[in-house]
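Shown next, in structure tokens, is the structure this report addresses.
The values are calculated or read from the model by the stated rules, or taken from the named source; none is laboratory data. Everything quoted here is computed from the prediction, not taken from an experiment. For neighbour counting, all protein chains shown are included, and Cβ atoms are generated from backbone atoms with ideal geometry for every residue, glycine included. Heads up: the accessible areas ignore ligands, DNA and RNA and are worked out on the full protein's heavy atoms, side chains in. Shrake-Rupley method; radii C 1.70, N 1.55, O 1.52, S 1.80 Å.
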Amino acid sequence: MSQVKNISILFFLFSFALFSCSNEKKEEITRMVTEWQGKEIQFPTNSTFTIQGKDTVSVNMNAEHKILVYVDSAGCTSCRLQLNKWKEFIVKVDSVAKEPVQFLFYLTPKSVKETRYITRRDDFTYPMCIDLKNEINSKNNFPKEDTFHTFLLDAKNKVQIIGNPIHNNAVRELYLNAISK
């Protein structure tokens with residue numbers, strides 16, 4: 001398994017190196033990946049997941065693979081979420097995964113009402129945790145860049161891959177390869 005991780009890290013770094021402008025940026029990405037690889041994510045004990053902000057549902061926190069998506073209150077929530085792209089990716093993950101993958105969306109929105117509207121408008125029926133106190137970030141101190149607010153976790157909540165598969169095709173392939181093995 002460590003060989004798969006090493007290949008994943010190298011592939012990730014190589015992909016960013018091809019598209020990155022400066023050595024500083026490459027070094028920052030390398031540092032970020034190294035820092036977060038294998039790090040255990042701490043979840044708030046009182047997380048409540050709902051569908052479109054209404055129906056409370058349970059999630060499998062013990063799944064073999066989990067994808068954690070964290071969205072804070074900065075900027076345009078709808079632009080940052082891109083729920084239609086997530087729906088497509090979830091379908092793709094379900095088609096390659098040997099076991100169900102649990103998606104964990106944690107949002108700290110400016111407006112709960114706006115978040116409910118966005119999920120209804122985009123017909124997004126996957127569980128989300130509206131984390132008004134931003135507890136998940138308080139427990140983990142996530143990087144400032146949105147690029148590093150999405151994580152593939154193992155059954156023990158340890159980071160396997162960091163990066164957003166919706167915004168980067170190379171990261172997307174890393175996620176799909178790791179999940180399909």
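In this entry, residue 93 is excluded by the filter for residues that are of a type in the set (A, V, I, L, M, F, W, C), touching a residue at least 40 places away in the same chain (Cβ under 8 Å), touching a Gly at 6+ places or on another chain (Cβ under 9 Å) and surrounded by 16 or more Cβ atoms within 10 Å (Cβ to Cβ).
Here residue 36 passes the criteria (1) within 17 Å of the chain's Cα centre (by Cα); (2) closer than 30 Å to residue 116 by Cα except the one numbered (2).
Looking only at the range 158-181, residues that are assigned to a loop (DSSP other than H, G, I, E, B) and open to solvent by 30 Å² or more (accessible area, probe 1.4 Å) come to 3 in all.
Taking only the range 39-59 into account, find how many residues are part of a loop (DSSP other than H, G, I, E, B) and surrounded by 12 or more Cβ atoms within 10 Å (Cβ to Cβ).
If we filter the range 39-59 for residues that are part of a loop (DSSP other than H, G, I, E, B), which is where we start, we get 39, 41-48, 52-54, 58-59.
Filter again for surrounded by 12 or more Cβ atoms within 10 Å (Cβ to Cβ), leaving 39, 41-44, 47-48, 52-53, 59.
The number of residues fulfilling the criteria is 10.
Of the candidates 110, 133, the single residue that is out of contact with any Phe, Trp or Tyr (no Cβ under 6 Å at 6 or more places or on another chain), of a type in the set (Lys, Arg), in a loop (DSSP other than H, G, I, E, B) and surrounded by 13 or more Cβ atoms within 10 Å (Cβ to Cβ) is 110. Residues of the range 53-84 that are at pLDDT below 90 and closer than 21 Å to residue 94 by Cα: 81, 82. Looking for something surrounded by fewer than 17 Cβ atoms within 10 Å (Cβ to Cβ), touching a residue at least 24 places away in the same chain (Cβ under 8 Å), of a type in the set (A, V, I, L, M) and not in a strand (DSSP E or B) - is there at least one such residue anywhere in the range 117-126? Checked the range 117-126: no residue is surrounded by fewer than 17 Cβ atoms within 10 Å (Cβ to Cβ), touching a residue at least 24 places away in the same chain (Cβ under 8 Å), of a type in the set (A, V, I, L, M) and not in a strand (DSSP E or B).
Residues in the range 60-90 that are in contact with a strand residue (DSSP E or B) (Cβ under 7 Å, 6 or more places away or on another chain) and assigned to a helix (DSSP H, G or I) were compared, and the one that is surrounded by the most Cβ atoms within 10 Å (Cβ to Cβ) is 81.
Of all residues in the range 146-157, those satisfying the criterion of being in contact (Cβ under 8 Å) with a residue 24 or more places away in the chain and open to solvent by 10 Å² or more (accessible area, probe 1.4 Å) are 146, 154, 155, 156, 157.
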